[in-house]
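Here the structure is laid out as structure tokens; the discussion comes afterwards.
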Amino acid sequence: MFVTLPWIRLNPQPGNELGKTMKPQLRVLIVEDEPAIAELIAVNLQHGGFVAVIAGDSVSAQRELDATLPDVILLDWMLPGQSGLSLARHLRKQPRTKSIPILMLTARGDEPDKVAGLDAGADDYVTKPFSTQELLARIRAVLRRRAPESATDSVTVGGLVLDAGTHRIAFHGQELKFGPTEFKLLHFLMKHAERVHSRGTLLDKVWGDHVFIEERTVDVHVKRLRESLGAAGLMVETVRGTGYRLTAMSSPSASQPET
Ligand code: CA
């Protein structure tokens, strides 16, 4: 099959200057069944200073993950055998892989796909065709998001306690589980409780580099955050036309949930 790829510029010069002054290189696993696309992404990542590893399907991706954990996974939606979506769900359930950032690669304009990808546990999605610069910016953004909080503080709002040091969250003493983005989002909302934050502010403070992230991404993560919070999900209020607020006023008590 002949594939034209106007969306990635192949720069085949070996031995670029980046290769010499290296900090430990970050590893990106590319799960993509079209070899031409996978190789072009790999070459561009290598020129951006990353180590790129290619897997053509979910089975070889799993084999690669068993051997060496990457820092980021680029996961194509349409794969032979197990789909990228199903693999994302699986990786999120495994303790070993659950906190590795996943960027889903989706076809242009496939909006339901994007939301399903985020729901399945992807941190972000990239729509084909994409530029190398956009891809690298998004990879750096998810890496920044994943970077551990230097703060080891603990913050309490209503019945909710978040310990940034141990990465634990409890509601009335009962521990709750969160994905990495939800944890960071909740941490920010708790540190700045009772105030309304716009989607733009949240993208700035939680996502960091948000040039390529749509505001809708915030809504999807807030939905996931509420689900993870269970009864305490009521504390995350939507302020119509403005944004979101975490408030102790809506904190249900341990014994009698609010009606
Ligand atoms: Ca594919």
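The values are calculated or read from the model by the stated rules, or taken from the named source; none is laboratory data. Values in this document were obtained by computation on a predicted structure and should not be read as measured data. Note that we place each Cβ from the backbone using ideal geometry, even for glycine, and neighbour counts take in every protein chain shown.
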Got at least one residue in segment 31-43 being assigned to a strand (DSSP E or B), at pLDDT 90 or above and touching a strand residue (DSSP E or B) at 6+ places or on another chain (Cβ under 8 Å)?
-> yes
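Quick grid of which residues meet (1) under 13 Å from the mean Cα position of the chain (by Cα); (2) modelled with pLDDT under 90; (3) more than 20 Å from residue 215 (Cα to Cα):
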position: 123; (1), (2), (3): yes, yes, no
position: 130; (1), (2), (3): no, yes, no
position: 134; (1), (2), (3): no, yes, no
position: 144; (1), (2), (3): yes, yes, no
position: 149; (1), (2), (3): no, yes, yes
position: 167; (1), (2), (3): no, yes, yes
position: 180; (1), (2), (3): yes, yes, no
position: 183; (1), (2), (3): yes, no, no
Inspect segment 85-95 for any residue being within 16 Å of the ligand (Cβ to nearest atom), of a type outside the set (Asp, Glu) and surrounded by fewer than 21 Cβ atoms within 10 Å (Cβ to Cβ) and give the result as yes or no.
-> yes
Would you mind stating whether residue 30 is within 22 Å of residue 206 (Cβ to Cβ), not assigned by TED's automatic domain parsing to the domain that holds residue 225 and not basic (Lys, Arg)?
-> no
Could you tell me whether segment 101-114 includes any residue that is within 16 Å of the ligand (Cβ to nearest atom), surrounded by 18 or more Cβ atoms within 10 Å (Cβ to Cβ) and part of a helix (DSSP H, G or I)?
-> yes
Conditions (1) touching a helix residue (DSSP H, G or I) at 6+ places or on another chain (Cβ under 6 Å); (2) closer than 16 Å to residue 124 by Cα -> residue 251 fails only (2)
Lone unmet requirement of (1) under 19 Å from residue 126 (Cβ atoms); (2) part of a helix (DSSP H, G or I) for residue 228 | (1)
